[in-house]
Every structure is written in C-alpha cells, then in structure tokens.
Amino acid sequence: MKLFLKQFVLLIPLLFLTSCFDILDKVNVKADGSGEYTVILNASKSKTRLASISKMETINGKKVPKKAEIENKINEAAKIFRATPGISNVKTSMDFDNYIIKLSCNFKKIENINAGLEQLKAKNILGKMIPSQIYNQSLQKKSFVRNKINTFKTDYDKMSKADKEIFNGAKYISVLQFENTIKSQSNTLYLLSPNKKAIKFEANILDLILQKKQLQNNIFFQ
C-alpha cells in the first residue's frame, strides 16, 4: 500500500512519514472567470520529527527523500504548470525549516487548473488516484461547481495498520473566494463568509477517504 500513499498525498514524499500535516487548497475567482489558484502543504506541526527523520536514510522500510529530491519535484510541477495553456505567473516557495511548501498560479478559467493537474498525472508527478477534474464554472449560468471525488475506502481497508496511521490528524482545507456574491450552495458543510463572497470547507483527510464528508458543491451567484 506504499503506492497508495504516493498516489494520495500531493508532491511531498516527506509527508508519507508523518500524520500531522494540512493541505490547503485555495481558489480566488474574479467576475470574468479568471483568478488565482494556490495549494499549500503544511507539515509544520511535525517539523521536529521531520527534522530528525530527514537525517536518516530509511524509516519503517521507506526511503527518506532528500531536500534536493523534493525541490526537483516541486520545480518539475511548476514547469508543467507553466506549459499548460491558460496558466501563468507560476510561483513556488519551499520552507524546509518549517516544512511548508507552496505553489500558486493565475488562470484564465478554472478548467485550466484541471488541465494542469491532468498534466501532472501524465508526468507521474501526481498519482493516478488524485482527482484532477475538480472544478467547473459557467458564467452564463452564474455557477461554480466543486466536483465529486471517488472513494478510496477499498484501498484504505487493504492497508496495514502502520500505513493507515499516515492519515491520523491529517487535514484538508478548501477556501473558495469570489468577486460575485453567492446566492446559494448545495453543500452546507462549506461555511459561508459574512459578506457572502467566500466559503470554507475543512475535514480530516480520513473522512474524505471514507466519504463521511463530501467535497461536491454547486454554487450559484446573484
């Protein structure tokens, strides 16, 4: 099931070795459909443990990736995003003191992000199980859709107890911000901001794997 871990967690091999990490997925959409996409992988809660692990060659039978390997993965991902039509201004930052990795870019339409993620999968930067057709938007219908993701429960049930522990305490956070005012949404697990121009979803990654919580949301604007 090591392959499953590599196919689930985005880009950072060090995260396979600790359960205390957060994935923040942030989208800021303008009225014309363009915007900014940011993904942040934050393992700062485990930085002491990771600092110790980084000095080792292996742990629990898994090879410990070196800083250069992680940098190469991030730089390769950025290169692929830069080559994706509709995506521009790709930036990365890597804080190896606090173990926080960030990738951001601008897009002409949100579907460009789907295409970029598909390219990452095609180049084996992302595993095949990572969803890529995440977003859709219709300016005519004044709608924005966060698509449903597949369940990983069958794969999770086959994992060893030690491998399952990778997800204990791991969190996923999604923030969607808009220039337009939100009229309604289909998923009440997303918290609506007071100005009705942003929504936030937060869940344990294990709850998403087991589909105790669902990311799918249909958002409509005034």
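One table, with the values for the structure above:
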| item | result |
| --- | --- |
| Those lysines that a straight Cα-Cα span of less than 22 Å connects to K196, excepting residues fewer than 8 apart in one chain | K26, K30, K109, K141, K142, K183 |
| Nearby aspartates and glutamates by direct alpha-carbon distance to K197 (threshold 12 angstrom, same-chain neighbours under 8 apart not counted) | E179 |
| The range 154-193-the range 72-112 distance, computed between alpha-carbon centres (Å) | 21 Å |
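Each value in this text was obtained by applying a stated rule to the coordinates, not by laboratory testing. Everything numeric here is computed off the predicted structure, so don't read it as measured data.
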